[in-house]
Each structure stands twice: as C-alpha cells, then as structure tokens.
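Here's the structure, in structure tokens; my notes come after.
The values are calculated or read from the model by the stated rules, or taken from the named source; none is laboratory data. This is a predicted model, so every value here is computed, not measured. For neighbour counting, all protein chains shown are included, and Cβ atoms are generated from backbone atoms with ideal geometry for every residue, glycine included. Side chains are part of the model used for accessible areas, which takes the heavy atoms of the whole protein and leaves out ligands, DNA and RNA. Shrake-Rupley method; radii C 1.70, N 1.55, O 1.52, S 1.80 Å.
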Amino acid sequence: MGATVTSLGIDRLDVDQRLALVDEIWATICADAKAFPLTDAQHEELDRRVAEDDAAPDDVLPWEDVKVSVRARHGNAARSGDAGIAGFS
C-alpha cells in the first residue's frame, strides 16, 4: 500500500502544519503543470476571462470585502484559523 496520512505521521500535525503541507504539495503539483495540459475548452475559458478582465480592470472586489461577504453568509465557520485558502487569510 502507498503512503497514508497515518504512515507519514500527517495525522499528528496540527491544522496549521497540515495546511502548510497541503500548500507545499500543491506547489509541487503546479510546478509540474505540463503533466496536466488544459483542454481547448479550458484555454478558451481562460482567454475569455482574461479578455473580460482586460476590458474592465477596475470591476473587481478587494479580498477583504470578499471575506466579509463569505463570513456574513456562512458565519464564522469560514474563519477556521484564518490561514491559507481554507481559512480565508
């Protein structure tokens, strides 16, 4: 059997350490992005989004406003440690 959370001791890490590990693992996956080529449809969607942003660069929301909105809709559950993606830092 391959590596598991238990065999690697990941289950003994606290939440902040596990989030940091997830971030590091994700970075290694992103570094190997050529192993996951985008489909034509994905390229078209990205091109569409870039063009939309280029056409209206000021039509954005600050990250702090987004966090406030999410917390208002979902309560403080979105606050979980305020670390990384999972905690809306």
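Annotations
- Residue count, the stretch 31-79 (criterion: closer than 23 Å to Leu19 by Cβ, at pLDDT 90 or above, open to solvent by less than 80 Å² (accessible area, probe 1.4 Å) and hydrophobic (A, V, I, L, M, F, W, C)): 2
- Asp82 vs. criteria modelled with pLDDT of 90 or more and either over 17 Å from the mean Cα position of the chain (by Cα) or of a type in the set (D, E, K, R) (or both): no
- Residues of the stretch 7-16 satisfying the condition of being of a type outside the set (A, V, I, L, M) and open to solvent by less than 90 Å² (accessible area, probe 1.4 Å): Ser7, Gly9, Asp11, Asp14
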